[in-house]
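Here it is, the structure in full.
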Amino acid sequence: MKKAITVLRNMGPFRFAIKEARETAFLVAKCFCVLHVTDNYLISPVITYGHSMLPTIDATSTIFLTERISTRFGKVAHGDIVVLRLPHNPRQTVAKRLVGLEGDRITYVSSRLSKKKKKKHMFLVPKGHVWVEGDNKYNSNDSRSFGPVPYGLIESKLFWRVSPLKDFGSFWNK
Amino acid sequence: MSFMNHIRTVAKEALDRTSIIAKFLCCLHFTSSYLCSPTHAYGPSMLPTLNIAGDVVLVEHLSPRIGKVGYGDLVLVRSPLNPNRNLTKRVVAMEGDTVTYFDPLNSDSSRNAVVPKGHVWIQGDNIYASRDSRHFGPVPYGLIKGKVFFRVWPPSSFGLLDN
């Protein structure tokens, strides 16, 4: 009995530390909440790498800011660079340029350099889908290989370039 | 002077109340987007499993993220034809399978299709009145929003929805 009372009396400062830890944990949770909402519904950063969007986007890793508001309301237009999930690999996202919206008639040439005769294809983009292509026509895995992409797979639109610092600035309508 | 203090207390109380509401909405949003959310499914395409007048069902959002969507699952999927609409259909085939399907409205014989990588084949239970993969093709796995597992309304059919 005496031991229990001594233990409880020594817990005083301990209780204060627990209270402070809890307050800090709540603050961290609130910050994380705000960050998460901003990232999912407003502005989200992406890192791009690869050659498929040369010369607009360099092959080295570049950081961009993307916004999710226009894509949520369907306000995308021809020439926008969008981040979308690949139809045949749901865990991978790519950045490509929007070349065709639903109802457009797309004419494209088969991208294989090895073929001597380049075959011309024509395609009508179905309802609810978009056609994306990389700017580097020779080295881009895009709608010419995996077909039109349902609009539901588009995540966000590139609008601001962050790195390298000398290129910091607006990336609208490039 | 006391008027300013009064306003200050009222403003503080308003801020406290608003922050409680904001925290509650936060929790609600988190649960609704990542754990479980209700949805209203209506139409004849899933008879007899779901009623034509409309059922309120619970959808869990964890399974598609961890890849646990399989054969016979009822899924909530974003429509490939209209991204603002969600469809409730059943997964009939996964990637790599060859589907033999019968579309009574368009042809008399059954047809075959191969489901490409990263896609699933969805069909409504009522093949006579359902617009599904037989019409718009296999659907990318990335469009699956959740798995339907429980029915809340009408109360007579309250309970788990099995395969």
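The values are calculated or read from the model by the stated rules, or taken from the named source; none is laboratory data. From a predicted model like this one, the values you see are computed outputs, not experimental measurements. In this analysis, Cβ positions are derived from the backbone assuming ideal geometry, glycine residues included, and neighbour counts consider all displayed protein chains.
From the residues in segment B:138-163 that are without any contact (Cβ under 8 Å) to a residue 12 or more places away in the chain and in a loop (DSSP other than H, G, I, E, B), which one is farthest from the chain's Cα centre (by Cα)? Full working, then the answer.
Of all residues in segment B:138-163, those without any contact (Cβ under 8 Å) to a residue 12 or more places away in the chain come to B:155-156, B:158-160, B:162.
Retained after the next criterion (residues that are in a loop (DSSP other than H, G, I, E, B)): B:158, B:162.
Details: B:Phe158: 18, B:Asp162: 16 Å.
By that ranking, first place goes to B:Phe158.
How many residues, within segment A:34-64, are outside any strand (DSSP E or B) and either among the charged types (D, E, K, R) or on the phi < 0 side of the Ramachandran plot (or both)? Working first, answer last.
Going residue by residue through segment A:34-64, those that are outside any strand (DSSP E or B) are A:34-42, A:49-61.
Narrowing further to those that are either among the charged types (D, E, K, R) or on the phi < 0 side of the Ramachandran plot (or both): A:34-42, A:49, A:51-61.
Counting residues in segment A:34-64 that are outside any strand (DSSP E or B) and either among the charged types (D, E, K, R) or on the phi < 0 side of the Ramachandran plot (or both) gives 21.
Just wondering, is there one or more residues in segment A:91-108 that are surrounded by 18 or more Cβ atoms within 10 Å (Cβ to Cβ) and among the small types (Gly, Ala, Ser)?
yes
Would it be correct to say that A:Ala21 is within 30 Å of B:Ser19 (Cα to Cα) and modelled with pLDDT of 90 or more?
Details: within 30 Å of B:Ser19 (Cα to Cα): yes; modelled with pLDDT of 90 or more: yes.
When the stated conditions are applied, A:Ala21 passes them.
Hey, another quick one. What about A:Val76, is it within 12 Å of chain B (Cβ to nearest Cβ), assigned to a loop (DSSP other than H, G, I, E, B) and either within 13 Å of the chain's Cα centre (by Cα) or of a type in the set (A, V, I, L, M, F, W, C) (or both)?
On the way: within 12 Å of chain B (Cβ to nearest Cβ): yes; assigned to a loop (DSSP other than H, G, I, E, B): yes; either within 13 Å of the chain's Cα centre (by Cα) or of a type in the set (A, V, I, L, M, F, W, C) (or both): yes.
Yes; evaluated as a whole, the condition is true for this residue.
Any residue at all in segment A:132-142 that is over 17 Å from A:Leu54 (Cβ atoms) and either in contact with a Ser or Thr (Cβ under 9 Å, 6 or more places away or on another chain) or crowded, with 16+ Cβ neighbours inside 10 Å (or both)? Can you show your working first?
Looking only at segment A:132-142, we keep the residues that are over 17 Å from A:Leu54 (Cβ atoms), and these are none.
No - not one qualifying residue is present in segment A:132-142.
What residue, among those in segment B:63-90 that are away from chain A (no Cβ under 14 Å) and over 12 Å from the mean Cα position of the chain (by Cα), is farthest from B:Gly124 (Cα to Cα)?
The initial filter retains those residues of segment B:63-90 that are away from chain A (no Cβ under 14 Å), namely B:70-74, B:88-90.
Adding the requirement that they be over 12 Å from the mean Cα position of the chain (by Cα) leaves B:70-72.
Details: B:Gly70: 15, B:Tyr71: 13, B:Gly72: 11 Å.
Restricting to residues being away from chain A (no Cβ under 14 Å) and over 12 Å from the mean Cα position of the chain (by Cα), the top hit is B:Gly70.
Please go through (1) outside any helix (DSSP H, G or I); (2) of a type in the set (Val, Ile, Thr); (3) surrounded by fewer than 14 Cβ atoms within 10 Å (Cβ to Cβ) for A:Val28 and return the number of the only condition it doesn't satisfy.
(1)
Shifting gears a bit: Of all residues being under 16 Å from B:Val92 (Cα atoms) and either of a type outside the set (Val, Ile, Thr) or more than 14 Å from every other protein chain (Cβ to nearest Cβ) (or both) in segment B:137-156, which is surrounded by the fewest Cβ atoms within 10 Å (Cβ to Cβ)? Just the residue, please. Show your work before the answer.
Keep residues of segment B:137-156 that are under 16 Å from B:Val92 (Cα atoms), which gives B:137-141, B:143-144, B:146-148.
Narrowing the set further to residues that are either of a type outside the set (Val, Ile, Thr) or more than 14 Å from every other protein chain (Cβ to nearest Cβ) (or both) leaves B:137-138, B:140-141, B:143, B:146-148.
Details: B:Gly137: 15, B:Pro138: 22, B:Pro140: 25, B:Tyr141: 23, B:Leu143: 26, B:Gly146: 26, B:Lys147: 21, B:Val148: 23.
Ranking the candidates gives B:Gly137 first.
List the number of the failed condition for A:Thr93; all other conditions in (1) part of a strand (DSSP E or B); (2) of a type in the set (S, T, N, Q); (3) more than 14 Å from chain B (Cβ to nearest Cβ); (4) closer than 21 Å to B:Lys117 by Cβ hold.
(3)
Now for a different question. Could you check how many residues of segment B:93-120 are among the β-branched types (Val, Ile, Thr) and more than 14 Å from every other protein chain (Cβ to nearest Cβ)? Explain how you work it out, then say what you get.
Let us first name the residues in segment B:93-120 that are among the β-branched types (Val, Ile, Thr), namely B:98-100, B:114-115, B:120.
Then drop every residue that is not more than 14 Å from every other protein chain (Cβ to nearest Cβ), which leaves B:98-100.
Number satisfying all stated conditions: 3.
I need the full set of residues from segment B:93-146 which are β-branched (Val, Ile, Thr) and more than 24 Å from B:Ser63 (Cβ to Cβ), in order please.
Quick first cut of segment B:93-146, residues β-branched (Val, Ile, Thr) only: B:98-100, B:114-115, B:120, B:122, B:127, B:139, B:144.
Within segment B:93-146, B:Thr98, B:Thr100, B:Val114, B:Ile127 qualify.
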